[in-house]
Structures are given as C-alpha cells and as structure tokens.
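One structure is given below, encoded as structure tokens.
The values are calculated or read from the model by the stated rules, or taken from the named source; none is laboratory data. Just so it is clear, the structure is predicted and the values come from calculations on it, not from any experiment. FYI the Cβ positions are ideal-geometry reconstructions off the backbone, even for glycines, and counts take in every protein chain you see. Just so you know, the surface numbers come from the protein's heavy atoms only, side chains and all, with ligands and any DNA or RNA stripped out. Shrake-Rupley method; radii C 1.70, N 1.55, O 1.52, S 1.80 Å.
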Amino acid sequence: MPNKIKEVDAYIAKSPDFAKPILTKIRELFHQGCPELEEKIKWSVPSFEYKGMLGGMAAFKHYVTFGFWKQSLMKDPKGIFEKDRPMASGRLTSVADLPPDKVLVAYVKEAVALNDNGVKVPRPPRAKVAAQLRVPPDLAKALKSNAKANATFIGFNPSQRNEYVEWITDAKQDATRTQRLETTLEWLAEGKPRHWKYMRTK
C-alpha cells in the first residue's frame with residue numbers, strides 16, 4: 001500500500017481486536033479511491049489527506065467510525081452518513097457493517113473531486129456584534145465627571161459596556177441603583193469589566 005505511515009500502523013495495532021480488520025479495510029479503500037492519498041495522525045486518530053483534509057477514521061472501545069471532511073457537501077446516495085454527527089458514518093462493529101467496497105471507493109472519489117475543484121465547506125455566519133444599549137442619563141453624567149472611568153468605558157466593546165448598563169438599569173430600587181452606579185465608577189476607574197471577579201488570573 002503506497003503512502004502508508006508507521007504511525008497509522010501503530011494506531012491499528014493498539015486498537016481493540018474487533019476494530020483492527022475494520023480499520024485496515026477502511027484504510028485500504030481510501031487508498032483505492034485516492035492513490036495519491038497521504039496519511040497523518042491528527043487529533044490522535046488517522047487522517048487521510050489529498051490537497052487538504054479528505055477524511056479519517058477512529059476506533060473506540062465498542063465501535064469504529066469513519067467520515068469525510070466535506071461530508072456535508074457530498075451526495076450520500078446510500079445513506080451511510082449520520083446526520084447529527086459530522087464526519088461520522090455509523091458505528092461499525094465488524095467489517096460486514098461497512099458499505100460494499102465499490103460504494104466506499106466511489107465516496108472517496110467524490111471527496112477527492114471536491115478537493116480537486118477547490119470546493120470549500122461554507123463557514124457558519126458570524127454572530128452579530130452586540131448593539132450597544134443606550135447609556136442611561138445618570139451613568140452618562142457620572143462618566144463625564146470621572147475621566148478614568150469614562151476612558152475605560154469607551155475602550156470596552158459593546159458587550160462589556162452593556163453589562164454595566166444592564167446592571168444599573170435592572171436595579172429595582174433607587175438606593176440599589178445609586179450603589180451600583182458608584183460601584184460601576186469605581187471598577188471602571190480601575191479598568192475592571194463588570195464580571196472581573198470571575199475572570200481567571202494568570
């Protein structure tokens with residue numbers, strides 16, 4: 001078998017006895033589907049690469065699984081992919097659980113074509129940056145009278161500023177609001193975010 005590395009040999013050798021023939025077969029079929037395949041160990045399991053990530057396999061205590069990096073873009077005509085587990089194609093306990101050789105080789109070739117064509121998995125949309133809440137008049141007035149606190153507040157991102165605004169505006173009583181406002185100015189003057197007490201220190 002070309003491009004075979006000793007690290008994958010060792011991984012298979014250390015796997016449970018039931019898993020060894022399954023892993024060996026998956027490995028063989030990946031190479032059949034992509035003779036230029038490169039083997040690596042990534043995330044402590046065998047990885048198959050061709051112009052980038054192609055797929056991989058892993059052995060667990062009671063089952064083996066394998067999958068493709070761009071699985072979400074593949075057609076899966078035989079329904080071998082697990083819908084709720086990316087890069088997973090069932091929980092295999094014997095070689096008989098694998099799809100027919102020609103089916104798996106065809107899947108490998110499809111994955112190869114995706115990489116040949118430079119197709120990329122779409123990234124999930126980034127979470128929207130939190131919009132800054134309106135600063136209440138009493139906080140705005142207090143910040144104007146404390147340059148250090150104001151500088152810290154302006155330097156914070158919207159989420160950090162919102163934490164202080166919400167803390168103050170959520171106060172149910174005037175006395176509580178006044179106390180929180182004073183504490184806010186004190187902490188901001190010291191450069192502290194609202195939840196500084198829970199931040200890890202080096």
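In the stretch 23-44, is there at least one residue being farther than 22 Å from Asn3 by Cβ and in contact with a helix residue (DSSP H, G or I) (Cβ under 7 Å, 6 or more places away or on another chain)?
No, the stretch 23-44 contains no residue that is farther than 22 Å from Asn3 by Cβ and in contact with a helix residue (DSSP H, G or I) (Cβ under 7 Å, 6 or more places away or on another chain).
I'd like the full set of residues that are surrounded by 20 or more Cβ atoms within 10 Å (Cβ to Cβ) and more than 21 Å from Val121 (Cβ to Cβ), limited to the stretch 30-52.
Glu39
Looking at Thr65, Thr24, can you tell me which residue is more than 17 Å from Asn115 (Cβ to Cβ), open to solvent by less than 70 Å² (accessible area, probe 1.4 Å), at pLDDT 95 or above and outside any loop (DSSP other than H, G, I, E, B)?
Going through Thr65, Thr24 in turn, the sole match is Thr24.
Identify all residues within the stretch 27-47 that are assigned to a helix (DSSP H, G or I) and touching an Asp or Glu at 6+ places or on another chain (Cβ under 7 Å); write none if there are none. Reasoning before the result, please.
Quick first cut of the stretch 27-47, residues assigned to a helix (DSSP H, G or I) only: 27-33.
Scanning the stretch 27-47 gives a single hit, Leu29.
Starting from the stretch 103-119, keep only residues that are more than 15 Å from Phe30 (Cβ to Cβ), then list their pairs with residues that are at pLDDT below 95 and in a helix (DSSP H, G or I) whose Cβ atoms are within a distance under 7 Å, requiring at least 6 positions of separation or different chains.
Filtered contacts from the stretch 103-119: Val119/Leu73.
Output the residue which, of all residues in the stretch 70-118 that are among the acidic types (Asp, Glu) and part of a helix (DSSP H, G or I), is farthest from Gln32 (Cα to Cα). It would help to see each step written out before you state the result.
Restricting attention to the stretch 70-118, the residues satisfying the condition of being among the acidic types (Asp, Glu) are 76, 82, 84, 97, 101, 110, 116.
Next, only the ones that are part of a helix (DSSP H, G or I) stay: 97, 101, 110, 116.
Details: Asp97: 19, Asp101: 9, Glu110: 13, Asp116: 17 Å.
The selected residue is Asp97.
Can you tell me how many residues within the stretch 42-62 are of a type in the set (A, V, I, L, M, F, W, C) and over 23 Å from Gly118 (Cα atoms)? So that I can check it myself, show each step before the final result.
Of all residues in the stretch 42-62, those of a type in the set (A, V, I, L, M, F, W, C) come to 43, 45, 48, 53-54, 57-60.
Those left that are additionally over 23 Å from Gly118 (Cα atoms): 43, 45, 58-60.
Of the residues in the stretch 42-62, 5 are of a type in the set (A, V, I, L, M, F, W, C) and over 23 Å from Gly118 (Cα atoms).
For the stretch 177-202, which residues satisfy the criterion of being part of a helix (DSSP H, G or I) and either modelled with pLDDT under 90 or within 14 Å of Pro136 (Cβ to Cβ) (or both)? Before you say what the answer is, go through the steps one by one.
Residues of the stretch 177-202 that are part of a helix (DSSP H, G or I), as a first pass: 177-189, 196-198.
Within the stretch 177-202, Arg177, Thr178, Arg180, Leu181, Thr184, Leu185, Trp196, Lys197, Tyr198 meet the criteria.
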